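The values are calculated or read from the model by the stated rules, or taken from the named source; none is laboratory data. What you see is a predicted model; the values in this text were computed from it and never measured. Remember, those area values only see protein heavy atoms, side chains included, never the ligands or the DNA or RNA. Shrake-Rupley method; radii C 1.70, N 1.55, O 1.52, S 1.80 Å.
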Amino acid sequence: MKVYRAQSFIRPDLQAHLYSERLLKNAAALRSLCPEETKFCAVVKANAYGHGVREVVNILKNGPVDFFAVAAFYEALHIRPLVRRQRILILEPINSSQPLDQIRMCAKADFDCVLSSLDGLEWARKALEGTDHILRFHLNVETGMGRCGMDPGSAGRLLEQVGSCPMLRHVGVMTHFATADEEDLCYAYEQKKRFEAFLDAHRLKDRPDLLIHACNSAAAIKMPQVHYRMVRCGISLYGYYSRPMKEPPAELRPVLKLQAPITHLKKIPAGQSVGYGRSFIAQRDTLGGVIPLGYADGYRRAFSNRAVMKVGDRFVPVIGRVCMDQLIVDLTDVPGVELGAMATIIDDVHDSPCGAYALAEQADTICYEILTMIHAHVHRIVH
Ligand SMILES: *Cc1c(COP(=O)(O)O)cnc(C)c1O
């Protein structure tokens, strides 16, 4: 099997500061919401929500974490050498588009895989036949997410068939909530009902060896009734609620601060336009500052003439269109600003005007997307 190198090109001037202690504290705070024996799965897909998966795994592997979850096989392969104590769960279900060799590698690498179809089961069986590998799998049951869970009827048949497959070890049952981040939890509780009906019908709660898990961050925080035997937390680990929360039961702090320097100071006389399309016209004599970051680095074009950044203790507006790798901020009101001063692009405070929540609102999206867009070539600095 080919080994793929992760991107090694780094831009040292674009800096994502990662605060390890906060990451560990967030994990501990989330854990403290659950019964002590509940296992904790740290979701590190999408380059650890844009934070940097190597850095995050290296911090968390010594912390209160039992599992790491990734979306796809290749991410699991990427973090395999970093992880010893924890198990690695691949959320993408086994399917027949995967080379058989890949499934054998999952078994060999001791990954926890997900099954959510009879086809997937057949495929795994085929991959492992004649080998002495054992594949650990979690059964993903559809309860209302409408994505890749298995309808309860077929899931029951899968359980019957697995009995005759010594190379498959059933280690978990899972489902996923569609609306746990919303205020109205009716649908989430309906999902809980369907999940429990399945667990009861197959007496799965009687099996202490099975990891039963359903919670993402929002459910882990708001639905203690469904913690079961493990919770899978992503966004909350990085210090955010799925959406801003007024009186959260666990205090979380953002782990990341994104910064870049001011590389050019520019006098813009009143009346002059700034950038592509002339979307900004200076109303006064303006001091512009160029920041060497743009939409190619994950700073959305939608922030043009809308977002702010922090320079010193001032918040300064982004003026004109965000370019591919540059943008301009209005520094006129920042006293004594100097070339090379660092601008904070994503702040590490929830209610900051340039925090991930504010940016998400400005781009009509969720904080997940703001964070995951931070390019892999941004230099991660671990504190
Ligand atoms: C991404 C994901 C999670 C984590 O969701 P957060 O809202 O970030 O906590 C949990 N479970 C599954 C199946 C996921 O795909």
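Values for this structure:
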read-out: Column: log10 I(q)/I(0), Debye, Cα scatterers of the chain, q = 0.07 Å⁻¹; value: -0.37
read-out: Kirkwood Rh, angstrom, the range 140-271 [1 / mean 1/r, Cα pairs]; value: 17.5 Å
read-out: Rounded to 10°, Cα long-axis angle of helix 152-162 versus longest principal axis of the chain; value: 60 degrees
read-out: By accessible area with a 1.4 Å probe, ligands and nucleic acids excluded, highest first: order of Lys25, Lys257; value: Lys25, Lys257
read-out: Share antiparallel - DSSP beta bridges, the chain, percent rounded to 5; value: 45 percent
read-out: 0 to 90° range, to nearest 10: angle between helix 186-201 axis and the chain longest Cα axis; value: 20 degrees
read-out: Helix axis angle, 118-128 relative to the chain longest principal axis, alpha carbon, degrees; value: 80 degrees
read-out: Alpha-carbon spread of the range 1-109, three principal axes, descending order, Å; value: 43, 40, 20
read-out: Nearby lysines by direct alpha-carbon distance to Lys267 (threshold 26 angstrom, same-chain neighbours under 8 apart not counted); value: Lys310
read-out: Pairs from Lys61/Lys257; Lys25/Lys246; Lys61/Lys193; Lys192/Lys246; Lys45/Lys257 whose Cα-Cα separation, in the structure shown, is over 28 Å; value: Lys61/Lys193
read-out: Three-way shape call for the range 20-238 based on the alpha-carbon gyration tensor, with the a/c threshold at 1.5; value: oblate
read-out: Within a Gaussian network of the chain (alpha carbon springs, distance under 10 Å), most fluctuating of Pro261, Pro99, Pro244; value: Pro99
read-out: Cα point-scatterer Debye curve for the range 239-383, base-10 log of I(q)/I(0) at q = 0.10, 0.11, 0.12, 0.20 Å⁻¹; value: -0.34, -0.41, -0.48, -1.23
read-out: Centre separation in Å (Cα based) which lies between the range 125-157 and the range 200-214; value: 15 Å
read-out: Per residue value of the accessible surface for the range 150-307 (all protein chains in place, 1.4 Å probe), Å²; value: 46 Å²
read-out: Apportionment of accessible area to carbon and sulfur, the chain, percent (1.4 Å); value: 51 percent
